[in-house]
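Asks: Take a look at this one; I'll ask things after.
The values are calculated or read from the model by the stated rules, or taken from the named source; none is laboratory data. Given the structure is predicted, the values throughout are model-derived calculations rather than measurements. Cβ coordinates were reconstructed from backbone atoms using ideal geometry, including for glycine residues, and neighbour counts include every protein chain displayed. Only protein heavy atoms, including side chains, enter the accessible area calculation; ligands, DNA and RNA are left aside. Shrake-Rupley method; radii C 1.70, N 1.55, O 1.52, S 1.80 Å.
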Amino acid sequence: MTSPHRPTSSQAAYDVGLLVIRLAAGVILFTHGTQKLFGWFGSGGGLDATGHFFTMSGYPAGTAFALVAGLTETLGGIGLALGFLTPLAGAAALGTMINALAVTWNSGFFAPNGFEFTLLLAVVALGLTLTGPGRIALDHFVPVLRNHRLAYGVAGVILAAAASVVVLIIRG
């Protein structure tokens with residue numbers, strides 16, 4: 001019989017696995033978001049260039065939408081990496097990736113121009129939103145989020161889908 005305060009080895013493996021996935025996805029989202037916002041890491045155009053790309057991709061007020069995308073990727077990435085407000089962080093990442101999929105969908109499947117990488121990030125965000133961050137996360141210290149519930153994840157997915165639909169309707 002195991003103690004309720006000491007995770008079993010399978011629970012510990014689950015928590016470590018979620019931590020690795022969260023860190024990888026979170027760092028990738030953070031770097032992409034800061035490329036959009038500030039042009040960091042040598043290959044990002046910053047807000048003006050990203051805004052121009054968004055305008056050319058059919059978004060009205062491209063700079064405003066670039067700001068939203070940059071902030072949701074940056075903050076969602078930080079939240080996922082730290083396991084903080086995971087349902088909301090996952091929703092931010094998922095919603096942004098749904099919109100990115102809409103932009104890249106007709107470019108084929110394979111990178112560098114296709115949607116495979118964006119799809120992978122969307123699925124990872126979806127999975128983390130539904131499963132929660134595991135025990136090695138800041139959510140473990142937030143009483144209402146300490147024991148992640150599927151309902152929190154489903155609410156996050158619904159939020160991401162609703163926000164994406166609104167943005168895609170605006171995009172036209």
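Asks: Across the stretch 44-70, which residue is surrounded by the fewest Cβ atoms within 10 Å (Cβ to Cβ) among those that are within 30 Å of Asp139 (Cα to Cα) and touching a helix residue (DSSP H, G or I) at 6+ places or on another chain (Cβ under 7 Å)?
Replies: Leu67
Asks: From the list Gly26, Gly58, Gly44, Gly17, which residue is outside any helix (DSSP H, G or I) and over 25 Å from Ile169 (Cβ atoms)?
Replies: Details: Gly26 fails: outside any helix (DSSP H, G or I); Gly58 fails: over 25 Å from Ile169 (Cβ atoms); Gly17 fails: outside any helix (DSSP H, G or I).
Gly44 is the lone residue from the list that is outside any helix (DSSP H, G or I) and over 25 Å from Ile169 (Cβ atoms).
Asks: Quick one: is Leu130 more than 22 Å from Val103 (Cβ to Cβ) and at pLDDT 95 or above?
Replies: Values: more than 22 Å from Val103 (Cβ to Cβ): yes; at pLDDT 95 or above: yes.
Yes, satisfied.
Asks: Counting just the residues of the stretch 99-120 that are over 18 Å from Ala66 (Cα atoms) and of a type in the set (A, V, I, L, M), which one comes out most open to solvent (accessible area, probe 1.4 Å)?
Replies: Going residue by residue through the stretch 99-120, those that are over 18 Å from Ala66 (Cα atoms) are 105-117, 119-120.
With the extra rule that they be of a type in the set (A, V, I, L, M), the set shrinks to 111, 119-120.
Numbers: Ala111: 59, Leu119: 60, Leu120: 101 Å².
So, considering only residues that are over 18 Å from Ala66 (Cα atoms) and of a type in the set (A, V, I, L, M), the one most open to solvent (accessible area, probe 1.4 Å) is Leu120.
Asks: Just to be sure I understand, how many residues within the stretch 129-147 are open to solvent by 50 Å² or more (accessible area, probe 1.4 Å), touching a residue at least 24 places away in the same chain (Cβ under 8 Å) and closer than 16 Å to Gln11 by Cα? Explain how you work it out, then say what you get.
Replies: Going residue by residue through the stretch 129-147, those that are open to solvent by 50 Å² or more (accessible area, probe 1.4 Å) are 130-131, 135-136, 138, 140-141, 143-144, 146-147.
After this cut, where a residue has to be touching a residue at least 24 places away in the same chain (Cβ under 8 Å) as well, the list is 130-131, 135-136, 138, 140.
Filter once more, keeping what is closer than 16 Å to Gln11 by Cα: 131, 135-136, 140.
Residues flagged as open to solvent by 50 Å² or more (accessible area, probe 1.4 Å), touching a residue at least 24 places away in the same chain (Cβ under 8 Å) and closer than 16 Å to Gln11 by Cα within the stretch 129-147 amount to 4.
Asks: Could you tell me whether Thr96 is modelled with pLDDT of 95 or more, of a type in the set (Val, Ile, Thr), farther than 29 Å from Gly51 by Cβ and buried (at least 20 other Cβ atoms within 10 Å of the Cβ)? Talk me through it step by step, then tell me what you get.
Replies: Details: modelled with pLDDT of 95 or more: yes; of a type in the set (Val, Ile, Thr): yes; farther than 29 Å from Gly51 by Cβ: no; buried (at least 20 other Cβ atoms within 10 Å of the Cβ): yes.
Here the answer is no, as Thr96 does not meet what is asked.
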